[in-house]
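Below is one structure; the comments refer to it alone.
The values are calculated or read from the model by the stated rules, or taken from the named source; none is laboratory data. Everything quoted here is computed from the prediction, not taken from an experiment. Methodologically, a virtual Cβ is constructed for each residue, glycine included, from the backbone with ideal geometry; neighbour enumeration extends over all protein chains shown. With ligands, DNA and RNA removed, areas are computed over all heavy atoms of the protein, side chains included. Shrake-Rupley method; radii C 1.70, N 1.55, O 1.52, S 1.80 Å.
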Amino acid sequence: MSAELGPGGRPAVTTSTARPEGGGRAAPGAAPAPARQWPILVVLAGIVAGLVTTAADAFRAGAITVGVALLLGGVLRWTLPSVGMLAVRSRFTDVITYAVLGLAIILLALMAQPDPILRVPFLEDIIHFSVR
């Protein structure tokens, strides 16, 4: 049974979704499943390590670890031709998303109270203005 063809010789009904650019296996098909998806497993391991660190009462260090893991995901997505399930959208969108989220988490961890490592004066002015 063949699919009906629409304009331009394309199928009239989409039956599957194309894999994102670079979404192929990161290792040969004969390798075990974890080896084929090692980029996302590395990023997830970093995130789990950060969450465990946060749960162990080291909020700032744990949040920074999560942010660094996301930045690593962006670097892997940018540099490797195939990253498996780490590829979600186009390469450009994935790299920008991982980088922005990673940097935001790191900056927020550095500004967290008490005893912030990074102080942004205009943010304090905005808070004082809005609380009045």
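Key figures
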read-out: Gaussian network model of the chain, springs between alpha carbon atoms under 10 Å - residue of A33, A69, A45 with greatest fluctuation; value: A33
read-out: List V52, V66, V83, ordered by accessible area with a 1.4 Å probe, largest first; value: V52, V66, V83
read-out: Sulfur and carbon atoms: percent of accessible area, the chain [1.4 Å]; value: 70 percent
read-out: Degrees between helix 121-131 axis and first principal axis of the chain (Cα, 0 to 90, nearest 10); value: 80 degrees
read-out: Probe 1.4 Å, protein heavy atoms only - accessible area per residue of the chain in square angstrom; value: 69 Å²
read-out: Relative contact order computed over the chain (Cα-Cα under 8 Å; 6+ residues apart), in percent; value: 23 percent
read-out: Of A55, A99, A30, the one that fluctuates the most in a GNM where the chain has Cα springs shorter than 10 Å; value: A30
read-out: Residues with amide H under 5 Å from that of R89, placed H, sequence gap 5 or more; value: D94
read-out: Derived scalar couplings ³J(HN,Hα) [segment 44-57; Karplus, 6.51 cos²θ - 1.76 cosθ + 1.60; whole Hz; x for Gly, Pro]; value: 5, 5, x, 5, 5, 4, x, 5, 5, 4, 5, 5, 8, 6
read-out: Options (1) -0.43, -0.58; (2) -0.28, -0.41; (3) -0.34, -0.50 - which one matches log10 I(q)/I(0) by the Debye sum over Cα atoms at q = 0.09, 0.11 Å⁻¹ as calculated here; value: (1)
read-out: Karplus (6.51, -1.76, 1.60) ³J(HN,Hα), θ = phi - 60°, over segment 30-39, in Hz, Gly and Pro reported as x; value: 6, 6, x, 3, x, 5, 6, 10, 4, x
read-out: Relative contact order of segment 61-132, defined on C-alpha pairs under 8 angstrom at six or more residues apart (%); value: 33 percent
read-out: Selection from A26, G102, G74, by position along the positive dipole direction of the chain (Cβ); value: A26
